[in-house]
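The values are calculated or read from the model by the stated rules, or taken from the named source; none is laboratory data. Keep in mind the model is a prediction, meaning the values are calculated, not measured. As a convention, Cβ positions derive from the backbone with ideal geometry for all residues, glycine included, and neighbour counts pool all protein chains shown.
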């Protein structure tokens with residue numbers, strides 16, 4: 001009997017297999033698991049076998065993030081990072097400090113501010129002018145659907161009271177029509193296009209910086225949700241291809257090619273060519289990203305009925321559908337026929353319905369194919385559409401961290417949705433009960449990439465380490481095993497890795513070791529778990545030591 005290269009023993013081992021959820025030992029030979037069980041696995045230990053004594057620590061399948069922007073996140077880690085605070089004075093201090101520390105920078109860039117920090121979610125250009133008056137400043141918010149800019153940036157872009165709003169965005173304005181310093185959705189590109197581009201070396205460094213962080217969180221693979229140039233943001237494709245070719249890409253990555261919403265089916269041959277050119281090693285580019293709407297906080301998420309105003313009365317605004325919903329059916333049908341997966345940004349209930357209608361049209365025209373289309377975000381889902389996910393084979397790609405009471409939810413969302421529609425938010429439990437396949441991700445750098453924090457919120461519907469005892473729509477909670485399955489087998493399925501996401505003989509040895517068995521601890525302690533080691537294909541890519 002040939003001996004294993006690596007054996008984990010003295011478990012627990014959470015297999016993800018409903019028929020046998022627990023084992024105590026696991027063996028790896030090469031990049032694959034060769035045995036899962038108990039003492040009999042120890043017979044595979046030879047003189048050259050590395051033995052890992054789990055000592056009661058938990059071994060899991062590696063996490064996969066179903067919706068992340070890794071290169072953008074890596075770039076922001078090297079820029080002016082405003083995450084981790086909601087204080088206006090702290091934002092200004094950080095911006096001033098960054099500008100003073102980087103006098104050679106032509107532009108001050110970064111981001112991560114929270115809309116909850118400002119009245120109506122809208123900071124002003126004057127605030128930024130007070131700390132950086134002489135250089136342009138461009139700072140996306142944490143959702144990356146809006147940007148805070150100073151007067152110099154507006155001046156360089158030529159934006160005045162006479163500048164019309166773009167069709168896919170909005171320029172926030174002062175009383176006389178002068179741009180106030182916030183650009184929403186497509187309007188961000190009016191300034192972002194002026195920012196000097198990052199070099200290929202910058203993008204590759206950002207990818208590797210992000211990969212180190214994601215591996216440290218137990219993430220072994222992900223789907224990058226935007227490959228292409230959009231609103232002045234750089235195309236990260238070259239970084240992935242370079243890392244895949246030189247072997248520095250240790251994660252398994254699927255890339256979602258950006259669908260240009262100003263064009264139609266004429267772009268499909270270009271997408272076919274890009275899929276061919278970009279697929280190499282552990283990187284594949286077989287998905288297409290369609291951004292169907294915006295976000296609820298700035299009233300651009302597409303809803304089936306209008307938003308409310310501050311007094312609770314209906315407005316004339318039901319949000320934006322960035323792609324014509326009738327044309328969308330044609331586009332998705334054509335992409336499906338060519339074996340592309342479609343990755344929808346669908347946040348409002350109208351966008352969700354439009355995306356599902358497009359998947360239904362593809363199924364009717366092409367039959368049931370293994371394209372694994374998925375809808376990401378799913379903030380508001382009309383109850384009538386819940387059973388359609390299972391019926392159409394559309395994966396529900398959830399971002400659990402957002403499903404909790406916090407100021408952006410309580411102050412900038414719920415009052416403008418109204419009680420009925422607010423109760424349709426992030427319906428994880430309802431989707432599960434309706435038979436949907438769940439996958440999970442973070443949307444980092446929009447929010448933390450930590451899967452353990454996401455698991456905590458999926459199970460508790462409360463933020464980690466919060467004093468707020470309110471549970472956000474408790475009937476939508478998931479049990480921990482289901483939430484773990486979404487972050488492992490569900491996301492692996494979505495990414496086309498059917499030989500990952502669970503622990504069994506023949507499966508890829510993509511593994512994570514936690515410092516405790518959080519299945520045996522109280523649910524409110526899930527967030528206390530920490531990653532000790534991460535393996536991809538049997539090779540260690542992170543160790544806390």
Checking 429, 490, 501, 454 in turn, the sole residue that is farther than 26 Å from residue 71 by Cα and either part of a helix (DSSP H, G or I) or at pLDDT 95 or above (or both) turns out to be 429
Looking at this structure, is residue 263 touching a strand residue (DSSP E or B) at 6+ places or on another chain (Cβ under 9 Å), at pLDDT 95 or above, outside any strand (DSSP E or B) and more than 24 Å from residue 141 (Cβ to Cβ)? no
Please determine whether any residue of the range 192-203 is outside the structural domain of residue 122 (by TED's automatic domain parsing), crowded, with 23+ Cβ neighbours inside 10 Å and touching a helix residue (DSSP H, G or I) at 6+ places or on another chain (Cβ under 7 Å). yes
Check whether at least one residue in the range 68-90 is within 30 Å of the chain's Cα centre (by Cα), buried (at least 16 other Cβ atoms within 10 Å of the Cβ), at pLDDT 95 or above and part of a strand (DSSP E or B), and report yes or no. yes
Scan (1) closer than 15 Å to residue 218 by Cβ; (2) touching a strand residue (DSSP E or B) at 6+ places or on another chain (Cβ under 6 Å); (3) part of a loop (DSSP other than H, G, I, E, B) for the single condition residue 517 breaks and write down its number. (2)
Spot the failing condition for residue 165; the list is (1) under 27 Å from residue 292 (Cα atoms); (2) crowded, with 17+ Cβ neighbours inside 10 Å, and only one is missed. (2)
Out of all the residues in the range 511-520, is one or more in contact (Cβ under 8 Å) with a residue 12 or more places away in the chain and within 19 Å of residue 253 (Cα to Cα)? yes
Specify the residue that is modelled with the lowest pLDDT; the eligible residues are those in the range 203-256 that are assigned to a loop (DSSP other than H, G, I, E, B) and under 17 Å from residue 275 (Cα atoms). 229
Quick one: count up the residues across the range 14-35 that are farther than 10 Å from residue 503 by Cα, touching a strand residue (DSSP E or B) at 6+ places or on another chain (Cβ under 8 Å), touching a residue at least 60 places away in the same chain (Cβ under 8 Å) and not in a strand (DSSP E or B). 1
Residue under question is residue 499, and the condition is that it be closer than 17 Å to residue 396 by Cα and surrounded by fewer than 17 Cβ atoms within 10 Å (Cβ to Cβ); does it hold? no
Mind listing whichever residues of the range 117-139 are surrounded by fewer than 17 Cβ atoms within 10 Å (Cβ to Cβ), outside any loop (DSSP other than H, G, I, E, B) and at pLDDT below 95? 119, 120
